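These notes concern the structure reproduced below.
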Amino acid sequence: MNSPLSSPDEVWLRSRFAEPRTVKPVAAGDGHLWRSHQEIRPAAVLVPVVRRKSGLTVLFTRRTAHLNDHAGQISFPGGRAEPGDACAAQTALRETAEEIGLAAAQVDVLGELHQYVTVTGYRVTPVVGLVTPPLELRPDDFEVAEVFEVPLQFLLDPANHQRNSVVHEGRERHYYAVPYQQYYIWGATAGMLMNFHAFLTG
């Protein structure tokens, strides 16, 4: 890679998205195994990379326990596409503003990662953006139980990546996980993180 894992900085991050290249995704999701093509709906999430004096971090949300989909799980802010959305970035920024109160003006969109198909029936496009503090967030109490950040350096260290398996409806499913302190990042969010890691380090 062009920058050491010990010090991923903004210049390096921007350079990875500025280079014309194709990186094979590590994880694409397996939602298509449980649903027909017609049932899979477009969605987008923001991968918010926050400029902190101590180094770049990635912002996550913990979903509230009463939600129908992914209750209590760690997620990126975002949601389903609306008919008026012109692109995935517009969806991600709109949904992020609604979900945690992060203004689009504070986000510098760098690019997109490979799409990920979730078991809940969404084809999710992760949109990576640099976020400029200060952050005066207003999380939606119905959807978001907590907002927290993880150092990008931690997320890019392969020593912190896990690959596990579980049997779901008679099928063995493999999934990634990235535990951090009291948080267990897994499933679709961890899969997108693996694609982010591959994109940046490939």
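The values are calculated or read from the model by the stated rules, or taken from the named source; none is laboratory data. Owing to the predicted nature of the structure, the values given are computational and were not obtained by experimental measurement. Cβ sites come from the backbone with ideal geometry, for glycine too, and all protein chains shown count toward neighbours. Ligands, DNA and RNA are stripped out before the accessible areas are found, and what is left, the full protein with its side chains, is counted by its heavy atoms. Shrake-Rupley method; radii C 1.70, N 1.55, O 1.52, S 1.80 Å.
Placing a pseudo-label 7 Å from each Cα along the Cα-to-Cβ vector at VAL167 and THR132 gives an inter-label distance of 5.4 nm.
Computed 3J(HN,Hα) for segment 176-186, one whole-Hz value per residue from the Karplus formula 6.51 cos²θ - 1.76 cosθ + 1.60 where θ = phi - 60°, is 9, 8, 9, x, 9, 6, 8, 9, 10, 8, 8, glycine and proline marked x. Mean residue ellipticity at 222 nm, helices only, the chain: -6000 deg cm²/dmol; runs of at least 4 DSSP H residues each add -39,500 (n - 2.57), and the sum is divided by the number of residues.
Computed over protein heavy atoms with a 1.4 Å probe, the accessible surface of the chain works out to 50 Å² per residue.
Using C-alpha pairs below 8 Å separated by at least 6 residues, the relative contact order for the chain is 27 percent.
Which longest run of the chain has no exposed loop site in it, a site being GluC sites (Glu not before Pro) in a DSSP loop with at most 16 other beta carbons within 10 Å, and the site itself not part of the run?
Values: sites that count: GLU136, GLU169.
Here the longest run is 1-135.
Shape summary of segment 70-185, radius of gyration then Dmax from alpha carbon positions: 15.5, 47 Å.
Please identify the longest segment of the chain free of exposed trypsin sites (Lys or Arg not before Pro), where exposed means a DSSP state other than H, G, I, E or B and no more than 10 other Cβ atoms within 10 Å. By the stated rule (loop sites, at most 10 other Cβ atoms within 10 Å), 54-202.
First obtain the Kirkwood hydrodynamic radius of the chain from its Cα pairs, then insert it into the Stokes-Einstein equation at 37 °C and 0.692 mPa s, and state the resulting D in µm² per second as a whole number. Answer, rounded: 191 µm²/s.
Converting phi to 3J(HN,Hα) with the Karplus coefficients 6.51, -1.76 and 1.60 and the offset θ = phi - 60°, segment 131-142 yields 10, 9, x, x, 9, 10, 7, 10, x, 6, 4, 6 Hz in sequence order, with x at every glycine or proline.
Of the solvent-accessible surface of the chain, computed with a 1.4 Å probe and all protein chains present, 51% belongs to carbon and sulfur.
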